[in-house]
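Mind looking over this structure? Questions follow.
Every read-out reported here was derived from the displayed coordinates using simple, explicitly stated rules and does not represent laboratory data. Quantities reported herein were computed from a predicted structural model and do not represent experimental measurements. All Cβ positions, glycine included, derive from the backbone under ideal geometry; neighbour counts span all protein chains shown.
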Amino acid sequence: MDINLSQCFIAVDDHDTAIPFYRDVLGLEVRGDVGFEGMRWVTLGSPAQPDVDIVLEPPVANPNASSADREAMTELLAKGLLRGVIFSTDDCDATFERIRAAGGEVLQEPIDQPYGVRDCAFRDPAGNMLRFHQPRKR
């Protein structure tokens, strides 16, 4: 039995701000844009991984959520505490420079980690932490 990743979800508070970051800065392609009951889901993905989708979703994807729940999720998103996503790259340093030059909020410059990768980290426009790693050269 094979089990493969199909989708992962990233909460964003403003799709119109998030899309240019993921599309233009990270180079992901927009695959879908769906609205339902006043909410929006945008599906993106890497051309190199056509079977894996990243879905930008509202912080609370439930039309029946209470205002207290919406407020709590909005606060967690603003603090960058909802999700972290790790991307692989063949050149961590070049990826870092491209994202930084595009105005990405740097959390960590490229560094060799003791667990065998070289990585860096940024925040997306909604505050989510995104890490970019490559296997460390031996």
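For the chain, what log10 I(q)/I(0) values come out of the Debye formula at q = 0.11, 0.18, 0.19 1/Å, with one point per alpha carbon and no solvent?
-0.44, -1.07, -1.17
If you take every residue apart from residue 119 with its C-beta less than 11 Å away from the C-beta of residue 119, what net charge results, scoring Lys and Arg +1 and Asp and Glu -1?
With Lys, Arg at +1 and Asp, Glu at -1, the neighbours total 0.
Spin-label point model (7 Å from Cα, Cβ direction): what's the residue 71 to residue 3 distance in nm?
3.9 nm
Antiparallel as a % of all DSSP beta bridges within segment 77-138, to the nearest 5?
70 percent
Can you check what the net charge comes to around residue 48, using other residues whose Cβ is under 12 Å from the Cβ of residue 48 (Lys, Arg +1; Asp, Glu -1)?
It works out to a net charge of -3.
Test of understanding: what is the full-extension gain from residue 34 to residue 102, defined as 0.36 nm times their sequence separation minus their Cα-Cα distance?
Additional length available on full extension: 21.8 nm.
Turning to a different aspect of this structure: Tally Lys and Arg at +1 and Asp and Glu at -1 over the other residues with C-beta under 13 Å from the C-beta of residue 60: what net charge comes out?
Neighbour charge sum, excluding residue 60 itself: -4.
Restricting to the chain, compute how many DSSP beta bridges are antiparallel as a %, nearest 5.
Looking only at bridges with both residues in the chain, the antiparallel portion is about 70 percent.
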